[in-house]
Structure formats: C-alpha cells, structure tokens
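What follows is one structure encoded as structure tokens, with my remarks underneath.
The values are calculated or read from the model by the stated rules, or taken from the named source; none is laboratory data. Please read all numbers here as calculations on a predicted model, not as lab measurements. A quick note on method: Cβ atoms are made from the backbone with ideal geometry, for glycine too, and the neighbour counts reach across all protein chains shown. Calculation scope for accessible area: heavy atoms of the full protein, side chains included, ligands and nucleic acids excluded. Shrake-Rupley method; radii C 1.70, N 1.55, O 1.52, S 1.80 Å.
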Amino acid sequence: MFRKILIANRGEIAVRILRACREMCIRGVAVYSDVDRASLHVRLADEAYPIGPASSRESYLVIDKIIGAARYAGCDAIHPGYGFLAENPALPRACADAGIAFIGPSPEAMEQLGSKTAARHIAKKVGVATVPGTLDPLAKLEDALEMARQIGFPVVLKAVAGGGGKGMRLVERESEMAGAWRDAASEAQNAFGDGRLYLEKYLLRPRHIEIQVLGDHHGNIVYAGERECSIQRRYQKVIEEAPSPVMTAELRHTMGEAAVKLARAGGYTNAGTVEFLVDAERNFYFLEMNTRLQVEHPVTEMVTSIDLVKTQIRVAAGEPLLFRQEDIVIRGHAVECRIYAEDPDNNFFPSPGKILVRRAPSGPGIRLDDGVYGGWTVPNEYDPMLGKLIAWGNDRAEALARLEGALGEYYASGIKTNVGLFRRILATEDFRSGNFYTRWLDDFLRDEKKHVSAKVDAQAAAVGSVEVASLAEDAAALAVAAWHMSREGASAAKPSNGVAAKESQWKIEGRLEQLDREPRR
Ligand code: MV4
C-alpha cells in the first residue's frame with residue numbers, strides 16, 4: 001500500500017480524499033495556490049506545499065509543479081480528484097515517468113474513452129446503443145447538413161473533445177445549421193483547443209442516468225448501480241440521486257452490463273462513470289464516459305456501502321476488488337444537493353466572499369461533504385461549490401424528508417447560496433413523483449419567472465396604463481427576486497444595515513442592466 005498520497009486538487013474533493021487517506025493510515029499531502037493558503041484542505045492535510053498564483057493555469061493545472069511537489073514530499077501516488085487535471089492523460093504519463101502511481105485509469109484508456117467519437121466507435125463495436133448520428137468527426141458543414149437530413153431534425157452538434165454542454169448546439173431546422181456550426185466550432189476551439197464536431201439525433205425529453213463502474217488490474221470490472229442526474233441547470237448538475245426513480249432491477253442489470261462491456265473494451269481500470277440518455281420508453285443510449293471520480297459519487301457510496309475513494313486507492317496499488325458483482329446490493333435511497341456560493345436573484349451568478357457564520361446540518365442519514373468553514377473567504381478564482389449535502393433514507397420519501405430538514409438547518413451568512421432553490425425544487429409535484437427529464441430545471445426556472453410576469457401583466461392591464469404594461473417585464477424580474485428572497489428564510493442575507501441596503505440597490509440596478517442584455521422570450 002502507498003505511504004503518502006499527493007492530492008492534486010482543492011476544496012471538498014481534496015478534503016474527501018484526505019479523509020480516505022487518514023482512514024487507511026496513508027499520509028495526505030495537499031497543494032495550494034496563493035489564495036488557498038487558509039483553505040480547509042490545507043488545514044486537514046498532513047503536509048501542504050504552495051504551487052503558485054491563484055490562476056489555476058499557473059497552479060493546479062501545471063503538471064510539473066504537481067510532480068515537483070510530489071517528488072519533494074516523497075509521495076508514492078497522486079490522486080487528481082475531479083476537474084483540473086483529472087482527465088488529462090499527460091498527468092498519468094508524467095506520473096509514470098516520475099515513478100509515481102496515478103490513482104485513475106491508464107492514459108491510453110483515458111484517451112480511448114475520453115474522446116467522444118472514439119468512445120462511440122467502441123460502443124458500436126461491443127453492441128451498446130448510441131444515439132443515432134456520426135461516428136466520426138464531421139469534415140465540413142455540408143456533411144453535417146447531409147447527415148441531419150438523413151436522420152431527421154432536430155439534431156445536436158457536439159464537440160469531439162467536449163463535455164459539460166460546451167461546444168454543443170441544438171439545430172431544429174436546416175436554416176439554423178450554418179450558424180450553429182460556426183458557434184459550436186468556435187466555442188469548442190476556445191474551450192478545448194479542438195474545434196471538431198460530430199452530430200447526433202436530438203432526443204426530446206431524455207433522462208440522464210449514469211452507471212458507476214470499478215475495475216482492478218486483475219481483469220475484474222463491476223458496476224455499482226446508477227445515479228439519476230437529470231436535474232441540471234445549463235448542463236451543470238444540481239441534484240443527483242441513487243437509485244433513479246425510474247430504474248427497475250432488470251434495466252439496472254442491462255445498463256450495468258453495457259457499461260462494463262464498454263469499460264472492458266476500453267481497457268478501463270479504477271473508478272469511472274458511463275453516461276446514458278434514457279427515453280420515456282426506457283431505451284438507453286450511451287452518451288460518454290467520464291474517466292474520473294465524479295462530484296456525485298457519495299450517493300452511490302450511501303446506497304452501496306462501498307467507499308469509492310478507498311477502492312480507487314486500493315486498485316491503484318494493485319489490490320484486487322474486494323467484492324464481486326453479486327456482492328453489490330443497493331440499499332435505501334440517497335439524494336445530493338450541490339451547494340454553491342451563488343446568487344439566485346442574479347441569475348445564479350457566483351457570489352464569492354467571506355463566510356461569516358456557518359452551521360452544518362446533521363442528524364440521521366445526513367452527510368455533508370464540504371470544503372469550507374466559517375471565517376474563510378470563498379475565492380473568486382474557482383468553481384464556487386461550497387460542498388454537497390447528502391441525505392440517505394430507507395426509501396426515497398425518507399431520504400427527501402431528511403434532506404428537507406437538513407436544508408432547513410443549513411445556515412451560512414456573509415455569502416449568498418443556492419439553498420433556497422433546492423427547497424423550491426423539492427416542493428414540486430414533479431420532483432416528488434420522480435417525473436422529470438434533462439431540461440426540467442431550465443423549464444421550471446423559466447416558468448417561475450413567467451408566473452410572476454403574468455401576475456404583473458394582469459395588474460398592468462387592470463390599471464390600463466400602456467406605460468405600466470411596458471415596464472411589466474422588468475418589474476417581473478424584480479418581483480421574482482423579491483419572492484425568492486422572501487422564501488429564502490434564514491439563509492438570505494437580509495439588509496439589516498446601510499451597507500447591505502446599498503448593496504441590494506446596486507444589485508437591482510445590475511439586474512435591470514442584465515435584462516437589457518439578455519434576449520427576451
Ligand atoms: C443530448 C441531449 C439530447 N439528445 N444529446 C448536455 C450535456 C452533455 N453532456 C450532453 N447533453 C445532452 N445531450 C442528444 N443526442 C440532451 C442533453 C441535455 C442534457 C443532458 C444531461 C443533463 C441535462 C441536459 C440538459 C439539456 C440537454
């Protein structure tokens with residue numbers, strides 16, 4: 001077993017990995033940028049080393065600095081967490097050169113399964129259904145048009161190097177293709193340095209369900225159930241749960257076998273996730289594979305009792321998996337909320353700043369994986385996720401009841417959080433009954449706005465003033481903001497002094513400005 005692991009990450013995931021190290025009597029080594037000097041992961045580590053300026057391009061993304069710190073500290077392994085370098089095959093290659101173990105798949109498997117089109121080829125080869133579309137990158141716009149005519153509109157253009165909806169464009173009719181092609185290609189070029197695109201049939205209201213796989217270096221690969229991840233905002237997951245409310249034992253088995261087949265064909269080891277779109281008839285289509293530990297891994301841990309991070313470490317050290325497929329049983333239900341420092345009244349704009357007071361929820365079945373503490377300042381430079389609140393229950397209803405209670409207990413002052421959003425989602429009949437799909441949250445947020453807008457319109461009509469009616473839309477946006485505030489409860493920063501009052505006035509002006517910038521529906 002390893003003696004010392006360097007964690008090439010920050011925030012809650014660095015803390016999570018440090019906890020696994022501690023349990024396994026392995027020393028955990030943190031790295032930190034200038035603005036992370038006082039971060040929780042640094043405080044909880046056995047050792048910590050600075051790796052440069054706040055910008056991740058000059059710190060967390062610099063392989064030489066990570067390897068340098070690992071060498072200096074005498075680490076025998078590196079865990080990349082998620083994001084940053086986690087899916088960059090250059091890191092496992094540099095690890096191999098330095099004689100350090102990489103806690104993740106081989107660079108070859110990462111490349112094979114990380115390229116969306118290469119992975120689609122593998123899926124076809126092993127007989128796993130993919131969404132109809134191109135298997136290879138498209139050479140030119142004309143090819144995209146021809147393919148789209150063949151499979152029928154709507155279609156979606158996606159980046160070969162993509163992920164997270166970047167470089168992705170919906171094309172509903174032929175006339176939209178040229179513009180979509182240009183936009184998607186330039187976005188992909190900017191984000192990934194690779195502007196190549198491929199094309200898929202656009203599925204209308206699919207669910208996003210992913211399968212957790214685990215592979216060791218002895219030829220064993222198993223699946224550890226699924227996670228339902230359809231509740232997303234602009235391609236960012238917001239709530240995840242395990243099991244999926246629509247899953248059956250039979251479908252889990254079929255999807256699990258498909259995921260294992262894919263992982264095996266790609267030479268996969270360690271923890272990975274196979275994403276699928278599932279339609280209303282429960283047909284499933286392979287989407288892409290994530291060759292890393294996922295943000296939402298805790299819901300799987302809660303329902304399987306498997307510690308995914310300890311398993312990753314064991315597997316990377318050459319140990320065989322401790323369980324076979326038939327040993328993995330799903331027990332109960334787990335739901336996770338991603339808590340962000342963002343302003344729900346300002347389009348969920350990041351809201352970093354100093355956390356004044358913070359109370360962590362607790363109680364039966366409650367788990368909080370976070371990377372912050374009261375008195376700490378959330379930096380501007382990174383993803384503003386504060387942590388994840390996870391509730392487990394014997395069934396979905398119990399998990400949701402516990403989650404609701406815990407959300408009520410969560411308190412943070414000094415910064416804005418999205419906690420109020422979860423309470424509104426949890427209150428809907430659709431969410432309660434498990435009746436949702438990938439665009440559900442975007443539709444829900446749009447309808448919330450419309451609802452207030454309609455009320456203001458009705459009032460304007462009653463007043464009979466043209467001037468008032470023309471202002472209705474701006475007023476609606478402010479009203480919805482006020483309505484959110486009134487429902488935020490304890491977690492809203494209430495203007496209790498001059499400074500806060502001034503800030504909210506400034507924000508109202510900011511919102512009005514934003515209304516002019518955003519295209520109106
Ligand atoms: C799709 C799709 C419908 N049809 N592909 C969005 C992010 C990227 N990972 C894949 N995404 C989608 N791909 C086809 N052929 C719908 C989405 C999608 C989506 C997927 C998962 C979760 C939320 C989503 C929200 C909008 C669109």
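What the table below lists for this structure:
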read-out	value
Verdict on G127 being open to solvent by 20 Å² or more (accessible area, probe 1.4 Å) and out of contact with any helix residue (DSSP H, G or I) (no Cβ under 6 Å at 6 or more places or on another chain)	yes
Residue list for region 93-124, filter: free of Cβ contacts under 8 Å to residues at least 24 places away in the same chain and either under 26 Å from L251 (Cβ atoms) or open to solvent by less than 10 Å² (accessible area, probe 1.4 Å) (or both)	H121, K124
Per-region count, region 196-219, residues within 10 Å of the ligand (Cβ to nearest atom), farther than 28 Å from F102 by Cα and open to solvent by less than 40 Å² (accessible area, probe 1.4 Å)	7
Unique residue being at pLDDT 95 or above, surrounded by fewer than 15 Cβ atoms within 10 Å (Cβ to Cβ) and closer than 30 Å to P364 by Cα when the list is L322, L308	L322
Hey, F444 more than 16 Å from the ligand (Cβ to nearest atom), assigned to a helix (DSSP H, G or I) and aromatic (F, W, Y) or not	no
Close pairs from region 432-450: first of a type in the set (K, R), partner modelled with pLDDT under 95 and more than 10 Å from the ligand (Cβ to nearest atom), Cβ under 9 Å, at least 6 apart	R446/R521; K449/A476; K449/A477; K449/V480; K449/R521; K450/A476; K450/R521
Selection within region 233-260 - open to solvent by 20 Å² or more (accessible area, probe 1.4 Å), outside any loop (DSSP other than H, G, I, E, B) and in contact with a helix residue (DSSP H, G or I) (Cβ under 7 Å, 6 or more places away or on another chain)	R233
Filter result for the condition that a residue is within 16 Å of the ligand (Cβ to nearest atom) and either over 18 Å from E288 (Cβ atoms) or surrounded by 21 or more Cβ atoms within 10 Å (Cβ to Cβ) (or both), over A180, A191, A185	A180
